[in-house]
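What follows is one structure encoded as structure tokens, with my remarks underneath.
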Amino acid sequence: MTNAVEFSNVSRHFGLIKAVDGVDLAIAEGSFFAMLGPSGSGKTTCLRLISGFEKPTGGQIRIFGEDVSNTPPHLRNVNTVFQDYALFPHMNVRDNVAYGLMVKGMGRVARHAKAEEMLALVKLDAYGDRKPAQLSGGQRQRVALARALVNEPRVLLLDEPLGALDLKLREAMQDELKALQHRLGLTFVFVTHDQHEALSMADHLAVFNDGKIAQIGTPQDIYDRPATRFVADFVGSSNVLPPALTRALGGPEAWASLRPEATRLATTGPVRGRVTALRYLGSGTRVVLDANGTEIAALVPSGQPVPAEGETTAIAFEPSALHLMAGA
Amino acid sequence: MKTLRLMATSVLAIATGLGPVLAQVTEIGAPEGQVNIVAWAGYIERGETDKAFDWVTKFEAATGCKVNVKTANTSDEMVALMNEGGFDLVTASGDASLRLIAGDRVQPINTDLIPSWSTVDERLKNAPWHTVDGVHFGVPYMWGPNVLMYNTEVFKEPPTSWNVVFEEMTLPDGQSNKGRVQAYDGPIHIADAAQYLMFHKPELGITSPYELNEEQYKAALDLLRVQRTLVSRYWHDAFIQIDDFKNEGVVASGSWPFQRNLLQSENLPISSVIPQEGATGWADTTMMHVDAANPNCAYLWMEHSLASNLQADLAVWFGANPAVPAACTDGRGMSTAETCAANGMDDFEKIRFWTTPVSNCSQGEGACVPYYRWVSDYIGVIGGR
Amino acid sequence: MTAPAILPARGVSDRLTGVFWRRPNVLLALLGSLAALLLQSFYSIDEFSGVVKQEFTLKTYAELFRPQNLDIILRTLVMAAVVTMACAVLAFPIAYFAARYARGPWKAAFYLGVMLPLWSSYLVKVYAWKLILAKEGILGWAADGTGTSFIINGILSVPGLEGSSLSTSPFGTFLVFVYVWLPYMILPMQASLERVPTSMLEASADLGATRSQTFRSVILPLALPGVIAGSIFTFSLTHIIPQIVGDSARFIGLAVYQQQGTAGNIPLAAAFAVVPILIMLVYLALAKRAGAFDAL
């Protein structure tokens, strides 16, 4: 099976700034792929390299096997949902959606019919005559979605698709996007800086740092087995243990991660410390200890006794829960 | 329109055998310390534009009356300022003076309180633009002709007729006058055309270029339509005209001695003449506001305007003629017999002074074309109609 | 990210409306003077005495249809239209470059270049142009030196543009109008182009539009309010320029000035003044119908 998108050693340098630096990446057809990372990590540039708004300064980009490194955006079978939606304010919703068909020369009646079809898909059938300014944020997002889908792209790119929505709407849209992707069977590639969003929506994700991919894998992989200290830090609420501590716990002298939910409180254990913070999370309570200067969190499930702040306690865990990581 | 009222009052005055009964100053008291004058630009100089031209500071020192000047650019502005009030004196031209009198904005002048009244040019003393029924409403200030200015390299001999600006012809340098002559960009220029016709078409029966019946008026407009084909641009601003003579190849135009003097001072080959048909001109009068707050200083200024170096120096400064002939020769200022002659001092009889055309004229009630039609028709002529 | 670009901060009109809501007196004063103007135009001048008759009549408006007055209106309309179009054509690339590409010092240079002429005296600029365009002026001299006088002579022989030099030809008036009004066209255009987010152009390309399609379907409609705003300025031609450069033929501004100031025919002056207001209203209505303000 060919990959929907493939990067081989792709770089995009802006002068001395290496926005994307030697990235290798393969996105399987039909996957819901997330590019996660802090701002400036290169994830958005990667998305723009796929859409064609940026040209690589090195390497090769293939979409469904075809080298598109020098193909302009309007000739790629890829469409984008922009972060600010970029709806055309002077056109009504229907014309916005039909825009991609109009520039291809499709007749008015045909393209309007197709646009209405798309609007039905995003549940906005009755809104064709409105102007974008008359819609709510969530509705605009759907219009942007319909507009990007009308050209029947094989890859849909979404740039921080939920960033402008409030929390409740964001959760609803997460489900909806996922359902839509499932129904259409398209490849979705989306960029986000929100690890929860990435973990909950994507079936595969790449974590970006400093223009490079720090780790690529399923959400499970990334969450349970962060490859680097950066990934562990950025993605999760995992404990990051310095080499000395790992060694003290019986491992090799290397950085390691330890998920709070894999730990339990004990009267004795390899790690002892004073409780410095307590946070009630509903499903349990997060207890933070100060173990000789290293902060370590443990998750106490609901119904079990919770130590008081200032008390000294120990943490125990299965040795297999300790996950060794590469890098400094 | 005000003239109509004036005529009505005059008729009434004659009918009842009474002169206008108006308050008049009978003696000059202590100076108030200031006098406020509405004047044309350049008319009241205190040595600030050019050190040589100052006819104010000595007056202020001698009388203790500080002179405050408000310059106005048009006759209408002058009338408006006087209607507003707050001024003592105004240097009004012939088309404003009668409106001011008719509107009761100015008061009669007691000439006995102005010792130099006797030195005023006899030709101006009783001029109709400031004297109504023998009552003087002002003191003559300055007058000047609208001369024909020309380039002496093109005209080796001074042109003898205004035809060089009215009819298409070959000028002495062998080229057509088309695009090389100018005319004044104001409706009053219709009077210049009428004056030309007065000389060349006596059968039209024009007696005054400011009093035209429909037929005479039409003939004047027709002449101006011919002129339109000769004129590239009309002039309304003295400095633009000066520039046009320098840079646009204009060689002849109706003009003021002011422009001629400035061009000559740059040693350009320019001169002027009053051709055989005569010329139109302007005559200004110092008039006193009916509610003048500083009448004593105002009277002192009027005397000063006649007696001092003002007449002689202003005549040179503005290219105009003094209202006091002696100023040309008695050495009180820069004027000499030559400068006065150059400004047209001896051409008074050839000059028909600007007045506002009204419909009730010497040809009868409503017989003449009023000024507002002059305005719109002249706009039409310039627009190529 | 906070304010979606599709809901741009509302324009001047909204802010103005705000002023009127907060200070209704301003509106009253404006409307009052406009009403006074309108009222005057329904009076007439008495042919016999020249006195303004304060009785309702349409006579003064009928006077506008006299040939010489129609000439003035038509002349003004044609000049305004031609000047506006020339300004729009010249201003667009400048405004587009400034809005899309100029950054840092280039942006500063742009603003300086556009605004600098606005700081110098209007009269001085027009006089300067008179000297440039004069028969013996810089342009004529340069044309003589380069053997291109035939171009100037060609222009001056076009019917309607005749003159002894560019400075006395309506073409000269046109040039100076364009020069004087260009900044007023560039600035609103640049402002409206600047408000078009880059993502909108990318969206267009992303959806398959070529550059020229993007220009026609997105940039132009979005810049149109700026063009209209600019053309409102350029339409209000002043009366000073044609007095200094050109063939002395009147435009509405000077006609109003002269009818009011010299002739004392205030009703006709008022009626003349109403004409550009009407033209503007018709123009704006047409522009609105054509969808020029859809992007606001």
Among helices (runs of 4 or more DSSP H) entirely within the stretch B:137-253, at least 1 residues that are in contact (Cβ under 8 Å) with a residue 12 or more places away in the chain and over 24 Å from the mean Cα position of the chain (by Cα) occur in B:189-200, B:214-230, B:238-247
Matching residues in the stretch C:233-253 (touching a Ser or Thr at 6+ places or on another chain (Cβ under 9 Å) and either within 10 Å of chain B (Cβ to nearest Cβ) or modelled with pLDDT of 75 or more (or both)) number 12
Within the stretch C:108-147, the count of residues that are more than 14 Å from every other protein chain (Cβ to nearest Cβ) and of a type in the set (D, E, K, R) comes to 1
Listed by first then second residue, the pairs whose first member lies in the stretch C:201-223 and is closer than 21 Å to residue A:146 by Cα and within 7 Å of another protein chain (Cβ to nearest Cβ), whose partner is β-branched (Val, Ile, Thr) and assigned to a loop (DSSP other than H, G, I, E, B), with beta carbons under 7 Å and at least 6 positions apart or on separate chains, are C:207/A:103; C:208/A:103; C:209/A:103; C:213/A:103
All conditions in (1) within 9 Å of chain C (Cβ to nearest Cβ); (2) out of contact with any Lys or Arg (no Cβ under 9 Å at 6 or more places or on another chain) are true of residue B:367 except (1)
Restricting the stretch A:63-78 to residues that are buried (at least 21 other Cβ atoms within 10 Å of the Cβ) and in contact (Cβ under 8 Å) with a residue 60 or more places away in the chain, the one nearest to the other protein chains (Cβ to nearest Cβ) turns out to be A:78
In the stretch B:24-66, anything buried (at least 18 other Cβ atoms within 10 Å of the Cβ), without any contact (Cβ under 8 Å) to a residue 60 or more places away in the chain and in contact with a helix residue (DSSP H, G or I) (Cβ under 7 Å, 6 or more places away or on another chain) is listed as B:38
* To do: Report whether or not residue A:140 is in contact with a helix residue (DSSP H, G or I) (Cβ under 8 Å, 6 or more places away or on another chain), facing another protein chain (nearest Cβ under 8 Å) and modelled with pLDDT of 90 or more.
  => yes
Going through the stretch B:297-325 in order, the residues found to be out of contact with any strand residue (DSSP E or B) (no Cβ under 9 Å at 6 or more places or on another chain) and of a type in the set (A, V, I, L, M, F, W, C) are B:307, B:316, B:317
Looking across the stretch A:296-309 at residues that are touching a strand residue (DSSP E or B) at 6+ places or on another chain (Cβ under 6 Å) and touching a residue at least 24 places away in the same chain (Cβ under 8 Å), the single one that is surrounded by the most Cβ atoms within 10 Å (Cβ to Cβ) is A:298
Q.
For the structure I just gave you, tell me whether residue C:193 is assigned to a helix (DSSP H, G or I), closer than 24 Å to residue C:132 by Cβ, more than 10 Å from every other protein chain (Cβ to nearest Cβ) and among the aliphatic types (A, V, I, L, M).
A. no
Over the stretch A:15-62, the set of residues within 14 Å of another protein chain (Cβ to nearest Cβ) and either free of Cβ contacts under 8 Å to residues at least 24 places away in the same chain or in contact with a helix residue (DSSP H, G or I) (Cβ under 8 Å, 6 or more places away or on another chain) (or both) is A:48, A:51, A:52, A:53, A:54, A:55
Selection from the stretch B:345-364 of residues in a loop (DSSP other than H, G, I, E, B) and either facing chain C (nearest Cβ under 10 Å) or in contact with a Cys (Cβ under 8 Å, 6 or more places away or on another chain) (or both) yields B:356, B:357, B:358, B:359, B:360
Over the stretch C:148-190, the set of residues within 14 Å of another protein chain (Cβ to nearest Cβ) and not in a helix (DSSP H, G or I) is C:159, C:160, C:161, C:162, C:163, C:164, C:165, C:169
Requiring at least 1 residues that are buried (at least 24 other Cβ atoms within 10 Å of the Cβ) and free of Cβ contacts under 8 Å to residues at least 40 places away in the same chain, the helices (runs of 4 or more DSSP H) wholly within the stretch B:294-344 are B:310-318
Review point. Does any residue of the stretch B:198-219 turn out to be within 14 Å of another protein chain (Cβ to nearest Cβ) and in contact with a helix residue (DSSP H, G or I) (Cβ under 6 Å, 6 or more places away or on another chain)?
Key: no
Of the residues in the stretch B:91-117, those that are among the β-branched types (Val, Ile, Thr), modelled with pLDDT of 90 or more and touching a His at 6+ places or on another chain (Cβ under 8 Å) come to B:106, B:109, B:111
The residue that is farthest from residue A:294 (Cα to Cα), considering only those in the stretch A:221-263 that are part of a helix (DSSP H, G or I) and either among the β-branched types (Val, Ile, Thr) or free of Cβ contacts under 8 Å to residues at least 12 places away in the same chain (or both), is A:221
Residue within the stretch B:237-257 that is more than 14 Å from chain C (Cβ to nearest Cβ) and closer than 21 Å to residue B:92 by Cβ present: yes
Among the residues of the stretch A:188-207, the number that are in a strand (DSSP E or B) and not aromatic (Phe, Trp, Tyr) is 7
The residue that is surrounded by the fewest Cβ atoms within 10 Å (Cβ to Cβ), considering only those in the stretch C:76-105 that are assigned to a helix (DSSP H, G or I) and among the hydroxyl-bearing types (Ser, Thr, Tyr), is C:96
Residue A:81 passes all but one of the listed conditions (1) aliphatic (A, V, I, L, M); (2) within 22 Å of residue C:203 (Cβ to Cβ); (3) surrounded by fewer than 15 Cβ atoms within 10 Å (Cβ to Cβ); the exception is number (3)
Of those in the stretch A:96-107 that are within 14 Å of chain C (Cβ to nearest Cβ) and either surrounded by fewer than 20 Cβ atoms within 10 Å (Cβ to Cβ) or of a type in the set (Gly, Ala, Ser) (or both), the residue nearest to residue A:78 (Cα to Cα) is A:100
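The values are calculated or read from the model by the stated rules, or taken from the named source; none is laboratory data. Just so it is clear, the structure is predicted and the values come from calculations on it, not from any experiment. As a convention, Cβ positions derive from the backbone with ideal geometry for all residues, glycine included, and neighbour counts pool all protein chains shown.
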